[in-house]
Every structure is written in C-alpha cells, then in structure tokens.
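Below you'll find the structure, written out as structure tokens, and then a few comments.
The values are calculated or read from the model by the stated rules, or taken from the named source; none is laboratory data. All figures in this text were calculated on a predicted structure; none of them were measured in a lab. Cβ placement follows ideal geometry from the backbone for every residue including glycine, while neighbour counts extend to all protein chains displayed.
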Amino acid sequence: MNNNEELLNIIVDNEKLIYAIINKVYGYYDYKDLYQVGVIGLLRAYRNFDNNFGVKFSTYAFPYILGEIKKYLREDRIIKVGRDVMRLKGAIERAKESLAQVLMREPSTLEIALFLEIEESRVIDALNINNPIQSLDYLLNGEGTPTTLYDTISDENNIDLLDKLCLKEEIEKLPSIDQQLIAMRYSEGKTQTEIATVLGLNQVQVSRQERRILTKLRENL
C-alpha cells in the first residue's frame, strides 16, 4: 500500500468523526469547507500519532480536528464580522444623523433599528463592537426589567455549541481557584460577597479576580 492509499484509508475510516464535529456548526458555514478543514486536522493528527500513546487514534485525532475547525472559524469570523460590522456601523451613523435632524435629539437604538428595518440587537452589537469589557453586573438598560451582561451571556440560546466547547476548554486551563470562582459565580449564581466568604477574601478582591479571569478568557477566545 502506497502512502496516498494509506492516507485515503485513514480519511475514510474517520469520516464519521469529522462529520460528527462539523455537524455541530453546520448551518452557519459551508459544509464542504468545514469537511476539508476537518480532513486537514485529521491528517495532522495522523502525522503526529504514535501507537505507544496508549489511546485510540480517533480519541487522539478529535482535538486536532476540532482545533483546526476552531481556527478556521475564528479567522473566517474575524474577516466577515469586520467587513459586515464596519458596513453596518456606517449605515447606523448615517441613520443617526438623519434621525437627529428630524427628532431634534439623539435617536435611540430602537429608533435607528426601525429606520434601518433591522433588529435592535444588531444596532447595539455594532455600536458596542469596540467597547471595553464590562463587569457582568453592568446594567444594559434602565427601562422595564433591568438586564445585566450576565443575564445576556448566561442564556444558553445565545451561545452556539462550538463557542461552549471553546469556553469549556479555556476554563479547564485556569488554576483550580479560578475555576472554583467561576463555577460559584455563574453555575451556582453566588454573589461576590458570598464567594468572598467561601474563599476567605473580601468582595473587592473577588471582583478584581473575576475581572482578571474574564479578561483572560476573552483574550484567549
């Protein structure tokens, strides 16, 4: 068996693994592109695999495939988001100027959204794209039911499965004390004061620690 035939067999034998991973994000990206990227990850795993590792090849290959797809999605997202958001921000700025002349005041994000016939969330996202990271307790709106940044990101419907996997991987890399803080804050819903009591810290220290962890996670993601 020559090398090309061996590589082809490896791909065929592990196609189900590739499909299982790309099916998690299919619907947002081109299926064929994701498959090709998955194959690249698979072949990278094959080149580095050693039977002495004591694990099945499919188990070894999984992080290679997922990692290659994550890299592709990050790069693809940066390009698309950058281009689309800049175009949208330009439209929003023009809409703000037009509405301000008519209303004789600064238009709200809802008024801009209605003017452009798009969802208000898209206007907010575009305007906040370059904003610094806020505390998760930051109040997003003062009308009706108060909504915090924590309320927004903790809604699982707002996070796709790949993002969850990426976030889970990054959290697992944190020191155990940081993992404990994040678990108490966002899984158990404890306040910073309650966490401070458990960890033997004060509320200010917990707040600083939380901010540092979130900054690190955002940078890595």
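Out of all the residues in region 132-140, is one or more in a loop (DSSP other than H, G, I, E, B), of a type outside the set (D, E, K, R) and either at pLDDT 85 or above or closer than 30 Å to E68 by Cβ (or both)? Within region 132-140, one or more residues are in a loop (DSSP other than H, G, I, E, B), of a type outside the set (D, E, K, R) and either at pLDDT 85 or above or closer than 30 Å to E68 by Cβ (or both). Considering region 86-110, and only residues there that are small (G, A, S) and within 33 Å of the chain's Cα centre (by Cα), the residue that is surrounded by the most Cβ atoms within 10 Å (Cβ to Cβ) turns out to be A95.
Hey, any hits in region 172-182 for a residue that's at pLDDT below 85 and surrounded by fewer than 13 Cβ atoms within 10 Å (Cβ to Cβ)? Yes - at least one qualifying residue is present in region 172-182. Scanning region 199-217 for residues that are surrounded by 14 or more Cβ atoms within 10 Å (Cβ to Cβ) and β-branched (V, I, T) gives V206, I213.
Has region 31-49 got any residue that is farther than 20 Å from L7 by Cα and at pLDDT below 85?
First pass over region 31-49, keeping only residues farther than 20 Å from L7 by Cα: 31.
Still in the list and also at pLDDT below 85: 31.
Yes, region 31-49 contains a residue that is farther than 20 Å from L7 by Cα and at pLDDT below 85.
For region 70-92, does any single residue satisfy the condition of being among the charged types (D, E, K, R) and modelled with pLDDT of 85 or more? No, region 70-92 has no match at all. Filtered by the rule that a residue be part of a helix (DSSP H, G or I) and farther than 15 Å from R211 by Cα, region 173-188 gives S176, S187.
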